[in-house]
Amino acid sequence: MLSVTQLSKTFPGVRALSDVDFTARAGEVHALVGENGAGKSTLIKVLTGVYRPDRGEVTYDGAPVRFVTPLQAQQAGISTIYQEVNLVPLMSVARNLFLGREPRGRLGLIDFRRMHREADEALRGLGIRVDVHRPLRELGVGAQQMVALARAVAVDARVVVMDEPTSSLEPREVHTLFEVIRMLRERGVAVVYVSHRMDELYELCDRITVLRDGRVVHTGPLAELDRLRLVAMMLGREIGEVRAEGMTKFSGSHDTDAQQVLTVTGLTIRHRLHDVSLSVRPGEVVGLGGLLGSGRSETAKAIAGALPTDTGRVVVAGVPVRAGSTAAAIRAGISLLPEDRKSEGIMPGLSVRENIALAALPGLSRFGLVDDTRVDRIVETFMKRLRIKAAGAHQKVGELSGGNQQKVLLARWLALHPKVLLLDEPTRGIDVGAKAEVQTLIDELADDGLAVLLISSDTEELIEGSDRVVVLKDGAVVRELTGDAVTEDELMRAIAAVPAGESDD
Amino acid sequence: MTELTLGRGTPDRARLLRLLQDYGVYTGVLVLLLFNFAFTPHFVSAENFRTQAVQVAPVLIVALGMALAIGTEGVDLSVGSVMALATSLLSLYLGYGPWTAALVAVLAGAVVGVANGALIAFVGVQPIVATLALMVAGRGLALVLLPQLKDVHDPDLAALGSGAVLGVPYLALIAALLAVLTAFVVRRTTFGRQALAIGDSRPAARLAGLPVRRVLVLVYVCSGALAAIAGVLATARLAASDPTSLGSLMELSAITAVVVGGTPLSGGRVRVGGTVAGATLIQLLTTTLIKHDLPPSWTQIAQAVVIVLAVYAARERGRR
């Protein structure tokens, strides 16, 4: 139905897709998987006319096409349902459903009665019961997503692309969604389904394409692929692969006999985390393993007070931390190096000096006046200790390389003398040399008695850097790897494990 | 040969642009001064400079508060109404003595700032909308308190409005003092640093554990209080309270001064010196055109040109 051949797309500095072949067939649900930056979104955007490919051909219904705008793709029968619902929140459900193709009466005016009746029928047909007169935004996110889906179906779409449609749905809604997808499949619609939830994929999809670093690493029927192989491909690892020690700059184990400094119990956030518990001792590096969307970053953010939790307790050195307040967490000695360094970490327009001193400012001031000599001393110490390469303390952080930005952030937190350091993807997007340096640093910090929680999509880094690994899946802890079990194989096995009480169909 | 010029041309142009961004506003002031020295009769006189300084003082004081708000990636549209509110309260409470009345006026400005800040920081309303609400409400309240123009007869206020020490008008002195104070707050205090960090990246500031809400409220309190001070001084100079027209369009003049002075609207940076120069530049521009008998409409067009130039320079900075 819709296929691309030899597709390449380059953005300044990044090869997003290279020679990708992909075919979505009528009457099939085709899973598209891959970690962050693998090229899924780019591929989807090429398919739906948002981007134009540099090279390669898009064939639709047997004929080569070239969509210049998303609208053209839509009119041709390709519908997309994005993660965030892109409808008009203030308009009624019915109006959203018929947006741009409202039934007209005489005089060319919108025939509201007919529109409401047809909207109601369309939604009923999908097993959704909502009042079509209500504004869309009054519905829950799940219901909104169903409306988006109904819209896609109603426009006689022949290809439906869904980008992580279940990420904000209740189990019941997921069930309805799957029913609808199966119905679409029976109607001969080609469905492209993007998700990281292994169980969903195996329940729903017929074929699968795995992307990694902009290339297709596997494509074929899903039933023939076992879970472990799939996990291995998504992470870009081989099962049973023998590797020499010391590929990363981690030294291995640390002394871990002390009392726990961080204890987290029963962390729960609706739809995202379910009863996550873990603990870290001083001088220990605990890894958080799992696929994208398994709740690793959410766990770190919840511990750091940056994400409000429904239930759960965080205790640092025996003292409970007030939930939902970054300031309280920082006072308790928890520091978070966020995943999104550019938008949540650095202050790009401020100098290296300001960035390092930022969090520690109150401690470096007297009566609200900043003590510049002390700031200079601290900035100098950390620039030397972390080997930050900058033209000087007054250079803007936005101008530094990724690795040095990351070190500036580390310095910001170390200046506070934290007890617990949460590192979310500390080496992502930084060059090899800086990566090794950051890894060495993490090691040194743990040796100095810091408790470190490490999140990394780089499995090798995670395994070699951690003393223990807590494996998350769909927002819940599925296993904890300790001692000799801290291996890539065990990690992949833990992620691939079929949940208890469900059959692997 | 061509390569050589090309290779040298680009960085030169970039450097020129950077110089323009950093010193353009000062150069503008200098050029206008030189032009007036040469071509405007009676420009070089102590009396003229006093007049200019007295006229620019209220705008400058308001612009200082505006620069703080803009530095946090916000804006304060309520400043003009705060001036009106200040003038109403000043004449209402004049019976308790001029200093008590002035204090009440400034406190009212701070209260408006608290309202602005609370809407922005706690309720999460966008600054432009929140302060727009207070702009409408403030002017309305000012008119309720004092429905029409009223003369203000008070020797102390009159002295404040037209007096001088060593030939420098009080108004200019106060404005200069407040400018120095603002610069000090921005550069040297925890509050100033935190405000800039919030302006540069709000999510990062929150994750870094900064008291984002408290700082934002304080920024708008400063802006409100400064606007109220400007209102009191303007009343003292005019020897009259006119809540209908005092401070009207002041928010736009203040934003102009701040933007022309090189403070980016995207936050994270406050240029106090630039703001002073920006206010001065607009003042000189107006004077120059008036003294050469050009109609006021020309002034507006000239202002527009300056704003466009300033924004153009800022845009280039954003790209780099």
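Quick note: the coordinates plus some simple rules give every number you see, no bench work behind them. All of these numbers come straight from a predicted model, not from anything done at the bench. Cβ placement follows ideal geometry from the backbone for every residue including glycine, while neighbour counts extend to all protein chains displayed.
With R₀ set to 35 Å, the beta-carbon distance separating B:VAL111 from B:LEU294 gives a calculated FRET efficiency near 0.25. Taking every alpha-carbon pair under 8 Å whose residues sit at least 6 apart, segment A:350-417 reaches a relative contact order of 49 percent. Distance distribution P(r), segment A:2-235, all Cα-Cα pairs, bin width 5 angstrom from 0: 1, 6, 14, 18, 18, 16, 12, 8, 4, 2, 1, 0, 0 percent.
Once the C-beta distance of A:ASP340 and A:THR265 is scaled by a Förster radius of 25 Å, the resulting FRET efficiency is 0.40 to the nearest 0.05. GluC sites (Glu not before Pro) within segment A:426-505: which are DSSP loop residues with at most 10 other Cβ atoms inside 10 Å? Passing both the DSSP loop test and the Cβ count: A:GLU502. Taking amide H as placed 1.01 Å from N in the peptide plane, A:VAL65 has its amide H under 5 Å from the amide H of A:VAL58, A:THR59, A:TYR60, each at least 5 places away in sequence or on another chain. Candidate cross-link partners of B:LYS291 among the aspartates and glutamates, defined by an alpha-carbon separation under 19 Å and a same-chain spacing of 8 or more, comprise B:GLU47. At a threshold of 8 angstrom on Cα-Cα distance, excluding pairs fewer than six apart, so keeping six or more, what relative contact order does segment B:46-248 reach in percent? This gives 44 percent for segment B:46-248. Annotation: amide H-H contacts under 5 Å for A:LEU336 (H modelled 1.01 Å from N, sequence separation of 5 or more, or interchain): A:LEU422. Taking the longest Cα principal axis of chain A as reference, the axis of helix A:141-154 is set at about 40 degrees. Pairs from the list A:LYS384/A:LYS407; A:LYS435/A:LYS473; A:LYS342/A:LYS407; A:LYS40/A:LYS342; A:LYS342/A:LYS396 with a Cα-Cα gap above 19 Å: A:LYS435/A:LYS473; A:LYS40/A:LYS342. In chain A, the longest principal axis of the Cα atoms and the axis of helix A:372-385 are about 80 degrees apart. Between B:SER45, B:SER78, B:SER266, the GNM of chain B built on Cα springs shorter than 10 angstrom shows B:SER45 fluctuating the most. Every pair of different Cα atoms in segment A:79-209 enters the Kirkwood calculation, which places the hydrodynamic radius at 15.2 Å.
Computed over chain B with a Gaussian network model linking Cα atoms closer than 10 Å, the most mobile of B:VAL62, B:VAL31, B:VAL217 is B:VAL31. Springs between Cα atoms under 10 Å define the GNM used for chain B, and in it the highest mean-square fluctuation of B:SER88, B:SER241, B:SER201 occurs at B:SER201. Helices assigned as whole DSSP H runs in chain B whose Cα atoms extend at least 24 Å along their own long axis and whose mean Kyte-Doolittle hydropathy is -0.5 or higher are found at B:2-39, B:46-71, B:98-118, B:127-145, B:170-188, B:212-238, B:272-291, B:296-319. Site pair A:ARG137 and B:SER245 shows an inter-label distance of 4.1 nm when each label is modelled 7 Å from Cα along Cα→Cβ. Please find the FRET efficiency linking B:PHE37 to B:LEU17, where r is the Cβ-Cβ separation and R0 is fixed at 25 Å, and quote it to the nearest 0.05. It comes out at approximately 0.35. The distance between label points at A:ARG215 and A:ALA436 comes to 2.4 nm (points 7 Å beyond Cα on the Cα→Cβ vector). Electrostatic bookkeeping for A:LYS301 treats Lys and Arg as +1 and Asp and Glu as -1; over the other residues with beta carbon under 13 Å from its beta carbon, the sum is -3. Label positions at B:SER162 and A:GLU121, each projected 7 Å from the Cα along the C-beta direction, are separated by 8.4 nm.
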